[in-house]
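Asks: Please read through the structure below; I'll follow up with questions.
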Amino acid sequence: MIKLVGVEKTLGGQPVLQGIDLSIPVGKLTTIIGRSGEGKSVLLKHMIGLMQPDRGEVWVGDVEISRLSGTPLNDVRKQFAMLFQGAALFDSLSVFENVAFPLREKLRMKGPEVGRRVEEKLEEVGLAGMGHKFPAELSGGMRKRAGLARALVMEPEIILFDEPTTGLDPLMAKSIHDLIVTMHRRFGFTAVMVSHEIPEIFAISDWVAMLRKGKIALMATAAEFQRTTDPEIHEFISVGGTVALPGSLVGVRRSTKDGKSQVGDGGRRVRVRRHVVPRVSVDQARETRVDRRRASTKSRRSSTAPRGSNRVRRSKSPASKSAGSEGLRSLRIVRR
């Protein structure tokens, strides 16, 4: 449905996209990963026609949109919805009015049908009865849910997700991922998501593509992507740990003759029964750091006088200057 052919884009004299060739499978959830500043969000904006390439073509269905504008472009955009990083809600509008906005502005819809569709989508994303609240009264996760409800209310064929879990704690990020997967399975739209949530994205994505140095370095199914032998890609996706689908076979890290380590089909293989291979979570790592700081503080306190005791502090008196090397010292009793 979406296809980019030889797309190039330069911003501020800096090449960002340098020949992107990418096809997004219809009805699947495709996640685009890559280092910060590689141009992932720029790539999304080309898909929806918010930016035009310097060279190359962008196809949505059988329409090439890179040079469209006005009504023809808006007609193509009716197939799209987008969930931005910060949800992009209007602060002066209630949650209900935010979700209803595209219905009234794009479809010119009026009357009870608006209310029915808005309440339906709010319930689907877990915000039933919250339509009267304003964005400032919502938590970060609730704002993301409201943004997703607004994206779904138009019943689009394609939804673009630009880092939908940015700024959320691990548990809330997981709940948003689960919600996206649930909505995707229920409505069957084509989903394209930009994310840094590695390795979590491998458990929810059908396809994964990596943007590197302005080009697509690899695009494969989630399972195939994790078996890559490209050292740079492997290093990038291994930072967060390993995720595998239940029942899949995962290569085990082994040493080669030259002393280097690699993950591949060689060596012992194990069958994964759990959804996620256990790893140290962010919360566990934070608790470990806190425990270490507490232990360090306790150790320092034990080496000094206990709180509330008298401690002798030496200070030089004026007479010590003329009393030779030994010097006379006055004693001050200081209570801590």
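Asks: Starting from the Cα-Cα distance between R35 and A128, subtract it from 0.36 nm times their residue separation and give me the gain in nm to one decimal. Kindly include the intermediate steps, with their values, before the conclusion.
Replies: Numbers: separation 93, 0.36 × 93 = 33.48 nm, distance 3.70 nm.
Length gained, R35 through A128: 29.8 nm.
Asks: Also: What is the gain in length, in nm to one decimal, between S92 and E224 on full extension, counting 0.36 nm per residue of separation less the C-alpha to C-alpha distance?
Replies: 42.9 nm
Asks: Still on this structure, please answer the following. How compact is the stretch 138-229 by the rule of thumb for globular proteins, expressed as Cα Rg over 2.2 N^0.38 Å?
Replies: On the way: Rg = 13.8 Å, N = 92, 2.2 N^0.38 = 12.3 Å.
Output field value: 1.13.
Asks: Would you order S175, S92, S36 from fewest to most other beta-carbon atoms within 10 Å of each residue's own beta-carbon? Write down the numbers at each step before the final one.
Replies: Working: S175 17, S92 9, S36 6.
Ordered from fewest to most neighbouring Cβ atoms within 10 Å, S175, S92, S36 come out as S36, S92, S175.
Asks: If I model a spin label as a point 7 Å beyond the Cα along the Cα-Cβ vector, how far apart are those points for R67 and K106 in nm?
Replies: Output for this residue pair reads 2.6 nm.
Asks: Per 5 Å bin, what percent of the C-alpha pairs of the stretch 2-238 does each bin hold, from zero upward?
Replies: Calculated P(r), rounded to whole percents: 1, 6, 14, 17, 19, 16, 13, 8, 4, 1, 0, 0.
Asks: What does the extension gain come out to for R116 and N74, with contour length at 0.36 nm per residue minus their alpha carbon separation? Intermediate values should be presented prior to the final figure.
Replies: Numbers: separation 42, 0.36 × 42 = 15.12 nm, distance 2.54 nm.
Net length gain for the segment: 12.6 nm.
Asks: Of G131, H177, L148, whose Cα points farthest to the positive end of the dipole of the stretch 2-238 (charges on the beta-carbon: +1 Lys, Arg; -1 Asp, Glu; origin at the Cα centre)?
Replies: The residue sitting farthest along the positive end of the dipole is G131.
Asks: Right, next: Put a dot 7 Å past each Cα toward the Cβ at K213 and R186; how far apart are the dots in nm?
Replies: The two pseudo-label positions are separated by 4.4 nm.
Asks: Using the structure shown, list the pairs from K78/K144; K3/K215; K45/K215 with a Cα-Cα distance above 19 Å, or answer none. Can you show the working numbers first?
Replies: Values: K78/K144 21 Å; K3/K215 14 Å; K45/K215 16 Å.
Too far apart for the 19 Å limit: K78/K144.
Asks: To continue, here is another question. Can you list the aspartates and glutamates whose alpha carbon sits under 14 Å from that of K121, skipping same-chain ones fewer than 8 residues off?
Replies: Leaving aside aspartates and glutamates fewer than 8 places away in the same chain, those within reach of K121 are E97, E113, E155.
Taken together, the values in this text are just the output of simple stated rules run on the coordinates, not laboratory data. The structure displayed is predicted, hence computed values, not measured ones. Heads up, the Cβs are rebuilt from the backbone with ideal geometry, glycines too, and the neighbour counts pull from every protein chain shown.
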